[in-house]
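The values are calculated or read from the model by the stated rules, or taken from the named source; none is laboratory data. Quick caveat, the model's predicted, so the values are computed rather than measured. When we count neighbours, we look across all protein chains shown, and the Cβ atoms used for this are built from the backbone with ideal geometry, even at glycine.
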Ligand SMILES: Nc1nc2c(c(=O)[nH]1)N[C@H]1C(S)=C(S)[C@@H](COP(=O)(O)O)O[C@H]1N2
Ligand SMILES: [Mo]
């Protein structure tokens, strides 16, 4: 059929669309309104349920993150706990596993609410503008935190900033904006959680004011429009909501199962997505940084190696044979890496407190002029000169603990050079990053 030059028909073509301003064409160009998103999943009852789990997960990640932070940066008034010995293994395992689980939860949560992006007018005043800004901050900070955290577990740092400091600071931004968000949304959260997901009914006695139910779907309404519309029954919408929540749950559980084996041995075989297999490595233990990467392959095996000890009562220089001639102690302790993998092992070596006693005058008297050997921090320096993990401080609590070792042997053999030969620190409930390998010098920190 030939069109005979009628301009109206031609207007559907690309050139014509630009040239005319018919209402239909314009309507297709404007952004959608929140009500135009028809999925039953865009519903405060779904948002609130996903949000509840996400909130609990964020709380867990935050608290375990604080534990890690204060183990690595002790406060003068906060005691460093040395028990349970597997404490950090648990808290950091939970930190990383929960952080990973937050990713699908956050995506699901954002999916349920994203029609609100198209809210009109975009701002209804100063308070509303501030509230929207705080949500933007929360979303941006959360995404940044979860993604950089995930990259960190893969030891992939496609950025210039120092991860640890930024991760810690951003955690406070997330928590602050989250508290504000929950506070602002509390009325709709309460209503939504008390309403049933399945059939669109609000449970008896629930306040209806912050939401409105139409077509079996609960909508939040702008302030002032508080009249509830009677709940309609919509089995299909209810099934969609239930199915969505089930899919989110399956995703979270599945993702966790596929990654948590890096710290839970029985799941190691199915942990195809975790960056580390805790069973693979010399002497059955993974390695984070090899001797070659730390540039210590020669110094670590040099027979001239001596442990230099410094304390208030003098200095000592001990060969590996000297150390092996001292009383040996055995301890089963995990390496628990900040990146989430952990593995337990049997270590043998000299108690750190016995070494400290050699350079403190209370070795025999039980407390000389400079006080008990175990009352002060110990600075530990590695042969490693490059990188940031070449030194650490053993807090006094760890120095005093009988299982804190300068380990010489692992699983009944000499330490592998990648595990820190000739000697390394291993202490209970201590972040892996502080279990300094290839120790060269230890000095009592003078008060
Ligand atoms: N000198 C030194 N010690 C170090 C490190 C390092 O890079 N250099 N890495 C630490 C980290 S991050 C971890 S998790 C443990 C790993 O110990 P492993 O390689 O014996 O398993 O060693 C710690 N000790
Ligand atoms: Mo680590």
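What the table below lists for this structure:
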| quantity | calculated |
| --- | --- |
| Only listed residue being outside any helix (DSSP H, G or I) and crowded, with 17+ Cβ neighbours inside 10 Å, chosen from 286, 303 | 286 |
| Tally of residues being in contact (Cβ under 8 Å) with a residue 60 or more places away in the chain, near ligand 1 (Cβ under 9 Å from one of its atoms) and under 29 Å from the mean Cα position of the chain (by Cα) across region 391-419 | 2 |
| Residue within region 43-53 that is more than 29 Å from the chain's Cα centre (by Cα) and outside the structural domain of residue 342 (by TED's automatic domain parsing) present | no |
| Of all residues making up region 269-301, the number that are more than 9 Å from ligand 1 (Cβ to nearest atom) and under 20 Å from residue 423 (Cβ atoms) | 9 |
| Residue count, region 281-325 (criterion: under 36 Å from the mean Cα position of the chain (by Cα), under 26 Å from residue 354 (Cβ atoms) and at pLDDT below 95) | 2 |
| Flag if residue 254 is within 16 Å of residue 339 (Cα to Cα) and within 21 Å of the chain's Cα centre (by Cα) | no |
| Residue within region 321-329 that is part of a strand (DSSP E or B), in the same structural domain as residue 424 (by TED's automatic domain parsing) and either away from ligand 1 (no atom under 16 Å from the Cβ) or touching a strand residue (DSSP E or B) at 6+ places or on another chain (Cβ under 7 Å) (or both) present | yes |
